[in-house]
1. Distance between the C-alpha centers of region 84-147 and region 368-391? Whole Å please.
2. Near the amide H of S241, under 5 Å away, which other amide H atoms are found, from residues 5 or more places off or on another chain, if H is placed in the peptide plane?
3. Kirkwood Rh over Cα pairs of the chain into Stokes-Einstein at 4 °C, 1.567 mPa s: D in µm²/s?
4. Report the net charge of residues surrounding E326, where surrounding means a beta-carbon distance below 11 angstrom and charges are Lys +1, Arg +1, Asp -1, Glu -1.
5. Pairs of alpha-carbon atoms within less than 8 angstrom and 6+ residues apart define the contacts here; what relative contact order does the chain have, in percent?
6. Using R₀ = 45 Å, calculate the FRET efficiency as 1/(1 + (r/R₀)^6) where r is the Cβ-Cβ separation of H161 and F42; round to 0.05.
7. For region 266-407, just list the percent of Cα-Cα distances falling in each 5 Å bin from zero outward, please.
8. Specify the residue with the greatest mean-square fluctuation among G41, G164, G154, computed from a Gaussian network of the chain linking alpha-carbon atoms under 10 Å apart.
Amino acid sequence: MVTVVTTYLIVAVLGPKRSQWPAFLFVFAYLFFFRTCNYFGFSKPPMHSNAVQLLITLRLCTLPFEIFDPEITRNKDAATSTPSFYEFISYCYCYCGIMTGPYYRYKTYKDFLEQENPEQISTFRPALRRFKQAPLWGALYLIMNIYFPISHIGTEEYVNHPWGILYQLAYLVPTFNGFRWRFYIGWILAESSCMMLGLGAYPFETDPKPGLGPTKPMPTTNGAINDKECKQDTDESDTHSFKTIHNIKIFEVEYSPSMSKIMKDWNMTVQWWISVYVHRKLPFANRNVRLFLTLLVSAFWHGVAPGYYLTFLSVPLIVMSEYGMERAIKPYLSEKLRYVYDWCSWFFLYRAMEYTGCGFMLLQLQPCLSAWRSLYFIGHIIIVMFIIIPIFIPRKRESKTEVKKIS
């Protein structure tokens with residue numbers, strides 16, 4: 001409540017335009033205090049309250065920018081007036097998605113409250129269709145969690161196993177799978193609950209995007225449409241799109257050969273937030289510097305544990321390696337060999353994610369370093385090697401015909 005009331009006072013006193021960065025910095029400073037308050041003599045907050053504070057932080061950071069930001073409010077239907085204290089606090093503490101996401105803008109929340117003819121919005125079938133995926137991932141997660149617990153990584157048994165590095169690398173595969181799949185469960189359930197409420201429901205003609213919402217003007221009529229292109233990948237009975245609160249593309253995450261693509265398809269509403277409010281606003285031209293700083297903010301948002309930083313700050317190295325290798329090698333390959341290259345890239349990418357993911361899974365410094373040390377830091381060595389190799393490969397430029405054919 002302290003962070004919500006104080007942020008509202010900052011916006012009310014300074015105004016939406018002048019309060020943007022003061023509110024942003026205050027909210028993140030409070031988030032740091034919230035996680036370290038036990039070092040200042042306060043009792044440590046319960047675990048679930050950290051999840052709540054994560055989403056409240058995003059909502060609070062967004063509001064001043066959303067109220068006055070030409071990049072966000074260029075549409076005529078965008079929120080442009082300062083909300084009342086009641087509206088402010090109602091949005092910040094809206095229970096839907098408060099612990100798991102998805103993140104949604106104040107504009108999305110306001111549109112949800114002011115829906116015309118909400119009884120005409122098809123909610124049950126889309127929610128059920130999304131929910132059907134949860135039992136499978138739930139069962140797979142339980143199997144992985146029971147037989148391959150994360151707590152085993154970095155222990156004496158793990159480090160000194162007779163099979164050595166082969167066992168240690170192999171063990172990371174099911175462990176990271178289970179760790180990843182539990183997020184699928186939470187996001188699927190959260191999306192389903194939003195759909196049942198009708199939160200994030202927009203006509204298909206508005207072409208909504210995750211986090212942002214509509215990208216085209218609202219139609220004059222509310223209800224079903226006949227444009228098949230707008231309704232692709234949906235059921236014929238659907239009347240509205242719920243892409244605004246769509247948070248995960250599971251198939252794309254599981255089979256993408258690119259770290260950059262996985263980042264866009266993972267926690268999509270939060271990725272939109274960090275792209276708009278962090279990445280685009282950084283005053284640096286170098287893409288690697290911008291990526292590094294963006295992921296540093298993302299790590300800080302997740303927590304103060306060293307593991308977050310070990311994982312997130314390894315990601316730019318992975319992106320640099322895959323980008324360099326692709327530019328150096330793919331121009332020499334035929335279309336069929338490019339297909340093989342993509343599968344090889346996928347294989348190495350997931351091994352890198354399992355290795356660097358130790359930080360996110362274990363959080364504490366010593367267990368993570370113990371696990372990496374037992375692996376002889378092989379993940380970092382290979383990643384750096386893939387960054388260096390393209391330097392020695394002569395650059396071959398593709399002809400426009402080849403590029404068009406492959407694409």
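Coordinate-derived values only; no laboratory data. It should be emphasised that the depicted structure is a prediction, and the values quoted were computed from it without experimental measurement. Heads up, the Cβs are rebuilt from the backbone with ideal geometry, glycines too, and the neighbour counts pull from every protein chain shown.
1. If you average the Cα positions of each part, the centres end up 39 Å apart.
2. Residues meeting the criterion, in which the H sits 1.01 Å from N, are Y202, F204.
3. Working: Rh = 23.4 Å.
For these conditions, the coefficient is 55 µm²/s.
4. Values: positive: R327, K330, R338; negative: E322, D342.
Summing Lys/Arg as +1 and Asp/Glu as -1 gives +1.
5. Working: 499 pairs, mean separation 60.2, N = 407.
The value is 15 percent.
6. Values: r = 41 Å, r/R0 = 0.92.
The computed FRET efficiency comes out at 0.60.
7. 2, 9, 14, 17, 18, 16, 13, 7, 3, 1, 0
8. It is G41.
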